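Participant: Pasting a structure below so you can have a look.
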Amino acid sequence: MTRDGVVSVAATVDSAKKKAQASRSWILLDSDGEGTILDVDKYAIMHRVQIHARDLRIIDPLLSYPSTILGREKAVVLNLEHIKAIITANEVMLRDPLDDNVIPVVEELRRRLPVRSSANLAQSEGKENLGRNYDAEPAEQDESPFEFRALEVALEAICSYLDARATELENAAYPALDELISKISSLNLDRVRKLKSGMTRLTARVQKVRDELEQLLEDDEDMADLYLSRKLAATASPASSAAPNWVSASPTIGSRISKAGKTSVATFHGNDDDVEELEMILEAYFMQIDGTLNKMNTLREYIDDTEDYINIQLDNHRNQLIQLELFLSSGTCSLTVYSLLAGIFGMNIPYSWNEDHGYVFKWVVIFSGILSAILFLGVLSYARFRGLIGT
């Protein structure tokens, strides 16, 4: 094997090792926003959150799966572009926390996962007197479940990310299309081709996220599966048996079961069929991603209109070339008469009437030129009469 081949194989192995290492990298965020970096394999993840291997494969970066929000008994599996997470009633596990696109999501989760009571919020704003008038219990009744706060952060991040990509594409596409209209060149055509390819890929990504949200909104049972706090409150009742194994895996979960149960009952009023809160969250981000998709459709229509305009221009240029070809062909046909007479008189054949009649030459030239011009004008008049050329 050559040296280049060895280097290529080594680079491939290093890349595979990096991907394998990245696939084992997780960050665990609890309800206080505290994060812990984990380097575990898929079996430890499956044991911790109690999901099947087929569910974990959905968020495998080495596999290509469409955007998915999957509700399970004790977890929500989230695959939204670069956001690949597992949400439980008290924890969020996010894959590849060192990725440039994931770091802002981690920071936003740290900021929004902790629940601030009304008293703490008032004190943070310098309103100490107002904060003492609030009780902690009403603040707990007004908070959203932990899994909804985490899900909302993920949806907001992916919708904002896709909208930003759509805006960047718009800012690059519209000037390129206008420049192509003003000047049709190979450079401008190649630039628009690349932008159209990027638009097609981005539209497909936006469409997948929109379809997943739409599918969730159309099925109340799927939305009910995302109410993890409600399920946890039911299993944490005094009549229930010992806590499941996955609770002991996190020392903070057992201490928060009673709080999650109280929050769930206060929020959902004990109605297992009530999905209004989650439906409002999903509808808000569905409208946002639908607006992004409308942007892409508008851009596609503008590109299609530009292509139609370019095709009309090219057709017009082809028609002008055909007209030019008609002029040249007509002129050539007319000159053949002149060439015919010149060829006849130029033959090296002795004949008597050519002697002492030199003055006839100028009349032959004049007569041939007039005949050629009449033939040329006749062809053009016929073509104009038939509508083959413009007036």
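Just so it is clear, none of the values below were taken in a lab; they were calculated from the coordinates. The model shown is predicted, which means the values in this text are computed figures rather than measured ones. Please note: Cβ atoms are built from the backbone with ideal geometry, for glycine as well, and neighbour counts cover all protein chains shown.
Participant: Give me the extension gain from Leu328 to Arg57: residue separation times 0.36 nm, minus the current Cα-Cα distance, reported in nm with one decimal.
Facilitator: 90.6 nm
Participant: Just grab the label-to-label distance for Asp219 and Leu340, each label 7 Å out from Cα along the Cβ direction, in nm (one decimal).
Facilitator: Reported label-point gap for Asp219 and Leu340 is 8.3 nm.
Participant: Report the FRET efficiency, 1/(1 + (r/R0)^6), for His317 and Lys194, where r is their Cβ-Cβ distance and R0 is 22 Å, rounded to 0.05.
Facilitator: 0.35
Participant: What order do you get for 309-318, 156-165, 36-45, 330-339 when each peptide is scored by the mean count of other beta carbon atoms within 10 Å, highest first?
Facilitator: The packing order, highest mean first, is 156-165, 330-339, 36-45, 309-318.
Participant: Follow-up question, since we're still on this one. So which of Lys74/Lys231; Lys183/Lys295; Lys196/Lys295; Lys208/Lys295 end up more than 19 Å apart by C-alpha?
Facilitator: Lys183/Lys295
Participant: In nm, what is the difference between 0.36 nm times the number of residues separating Lys42 and Ala164 and their Cα-Cα distance?
Facilitator: Using 0.36 nm per residue and subtracting the Cα-Cα distance, I get 40.7 nm.
Participant: Another question, then. Nearest 0.05, what FRET efficiency do Glu277 and Ala172 give at R0 = 35 Å with Cβ-Cβ as r?
Facilitator: FRET efficiency, Glu277 to Ala172: 0.35.
Participant: Taking a ≥ b ≥ c as the square roots of the eigenvalues of the Cα gyration tensor of region 28-88, is the shape rounded (a/c under 1.5), prolate (a/b larger than b/c) or oblate?
Facilitator: In terms of gyration-tensor shape, rounded.
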